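**Q** A single structure is presented below for examination.
The values are calculated or read from the model by the stated rules, or taken from the named source; none is laboratory data. Remember, predicted model here, so these are calculated numbers, not experimental data. So basically every Cβ, Gly included, is an ideal-geometry build from the backbone, and we count neighbours across all protein chains shown. For the accessible areas, the whole protein counts, side chains as well, though only heavy atoms, and no ligand, DNA or RNA atoms are used. Shrake-Rupley method; radii C 1.70, N 1.55, O 1.52, S 1.80 Å.
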Amino acid sequence: MARRKIGVVGAGQVGATLVQRLAERQLGDLVMIDIVEGVPQGKSLDLAEAAPLEGYDALLTGAQGYEAVAGADLVVVTAGLPRKPGMSRDDLLKKNADIVGGVVDQVVKHAPDCVLIVVSNPLDVMTHLAWVRSRFEKRRVIGMAGVLDSARLRAFIAMEIGVSVKDVQAMVLGGHGDDMVPLPRYSTVSGIPITELLPAAAIERLISRTRSGGAEIVGFLKTGSAFYAPSSSVVQMVESILLDQKRVLPCCVRLEGEYGISDIFAGVPVILGARGVERILEIPLSAEEKKYLTISAEHVRANIAVLNKLL
Ligand code: APR
């Protein structure tokens, strides 16, 4: 079978680390696109020269023009500005909307059959914008947030209890913002809900750290935002789609009545396979969990209204 083709737009921290991780897993040939001349070319060549040492077979190319992503099976959009200290993801809205809108127009022109994964922030709004601009079926436009937020919570649970991260699962729903909705009832260590293993105060502390997980990293880095865990999160989604693994992952998808929410993108558990979003899973929520999910969704809706005024 011919190798799959994966495009990554934005050859910055998230994009380049993502291409490295995808190459090392031999998930396909990789094309990096960036507006800055030379950067995607240089990083792709560097990664191609690492291939004999790491032992991966992948064609790695970099370009400014979107002809390079022609016929791609999957394209990940990481183009945009990252947060600086004190900035919320929403502060990035206008600038990144201009960038993401233009990028999506070009991607659609050259890779009309691809699955689009959006990483640029504010995530839920940018994913909505990518769906509107691409005119793709909703199953083919997916935002990366829930996998990252859940991975952060998993890491914190493992650190707190002192167990292997491999045994920890977590579920975080809602928008990718401070009002995201971590679900302790559905977060487990080898099947045991964390509510049975940790006192309520500790769970609250881990939830609060998860909500500000992105800001914690920005606070350290000062000139940029997280990229190791975000790129790993995208890899898990890409793998599930290209290998048709049908993994159940929290992803930002368009809701049309599920969880009582309509016409916006927000994070919920989905089955990811060759067709993209193959099914949205509706898990039972308590009244309180539902309330927080609705608040988070309404925040996304308000930001989409801001976006619509800008367009
Ligand atoms: N077309 C292509 N690439 C672009 C464009 C554009 N119109 N505008 C900016 N870029 C590129 C930049 O040149 C840069 O190389 O996008 C890249 C972004 O990389 P970084 O600045 O390193 O940002 P990164 O940390 O990778 O974050 C990218 O993902 O997590 C989100 O909030 C984050 O929105 C941000 C995005």
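**Q** Could you give the dipole magnitude of the chain about its Cα centre, charging the beta-carbon of Lys and Arg +1 and that of Asp and Glu -1, in debye to the nearest 20?
**A** Computed charge dipole of the chain: roughly 300 debye.
**Q** Still on this model: Using the Cα centre of segment 1-136 as the reference point, and only Cβ charges (+1 on K/R, -1 on D/E), how large is the resulting charge dipole? Debye, rounded to the nearest 20.
**A** Values: 14 positive and 16 negative charges, 79 e Å.
Here the size comes out at about 380 debye.
**Q** Let me cross-check LYS290: its accessible surface, 1.4 Å probe, with only protein heavy atoms counted, in Å² to the nearest 10?
**A** Answer for LYS290: close to 90 Å² accessible.
**Q** Solvent-accessible area per residue for the chain at a 1.4 Å probe radius, Å²?
**A** For the chain, the solvent-accessible area averages 44 Å² per residue.
**Q** Positive end of the charge dipole of segment 5-143 (Lys, Arg +1 and Asp, Glu -1 on Cβ, about the Cα centre): tell me which of ALA68, MET32, VAL100 has its Cα farthest that way.
**A** VAL100
**Q** Which value, in debye to the nearest 20, gives the size of the charge dipole of segment 94-245 about its Cα centre, when Lys and Arg are +1 and Asp and Glu are -1 at the Cβ?
**A** Result for segment 94-245 is approximately 320 debye, rounded to the nearest 20.
**Q** Determine by what factor the alpha-carbon radius of gyration of segment 38-188 differs from 2.2 N^0.38 Å, reporting the quotient.
**A** Normalised by 2.2 N^0.38 Å, the Cα Rg of segment 38-188 equals 1.22.
**Q** How tilted is helix 228-242 with respect to the longest principal axis of the chain? Cα atoms for both, answer in degrees (0 to 90, nearest 10).
**A** For 228-242 against the chain, the angle is about 80 degrees.
**Q** Shifting gears a bit: Report, to the nearest 10°, how far helix 200-211 tilts away from the longest principal axis of the Cα atoms in the chain, using its own Cα long axis and a range of 0 to 90°.
**A** Orientation of helix 200-211: about 20 degrees from the principal axis.
**Q** Tally up the carbon and sulfur contribution to the accessible surface of segment 210-261 as a whole percent, 1.4 Å probe, everything protein left in place. Intermediate values should be presented prior to the final figure.
**A** Working: 1180 of 2110 Å².
Here carbon and sulfur together make up 56 percent of the probe-accessible area.
**Q** If I take R0 = 35 Å and measure r between the Cβ atoms of ALA287 and ASP46 in this structure, what FRET efficiency does the formula 1/(1 + (r/R0)^6) give, to the nearest 0.05?
**A** On the way: r = 53 Å, r/R0 = 1.51.
Once the sixth-power term is evaluated, E becomes 0.10.
**Q** Rounded to whole Hz and in sequence order, give me ³J(HN,Hα) for segment 23-31 from the Karplus expression 6.51 cos²θ - 1.76 cosθ + 1.60, θ = phi - 60°, writing x for Gly and Pro.
**A** With coefficients 6.51, -1.76 and 1.60, one gets 5, 5, 8, 6, 7, x, 7, 10, 10 Hz.
**Q** Right, another one. By how many degrees, between 0 and 90 and to the nearest 10, does the Cα long axis of helix 287-310 differ from the longest principal axis of the chain?
**A** 40
**Q** When Rg is the radius of gyration of the Cα atoms in the chain and Rh is its Kirkwood radius, what does Rg/Rh come to? The partial results should precede the final answer.
**A** On the way: Rg = 18.6 Å, Rh = 19.5 Å.
Taking Rh as the inverse mean 1/r over Cα pairs, Rg/Rh reads 0.95.
**Q** How many nm separate the modelled label positions at LEU197 and ALA302, each set 7 Å beyond the Cα in the direction of the Cβ?
**A** Placing both labels 7 Å beyond Cα along the Cβ direction yields 3.6 nm.
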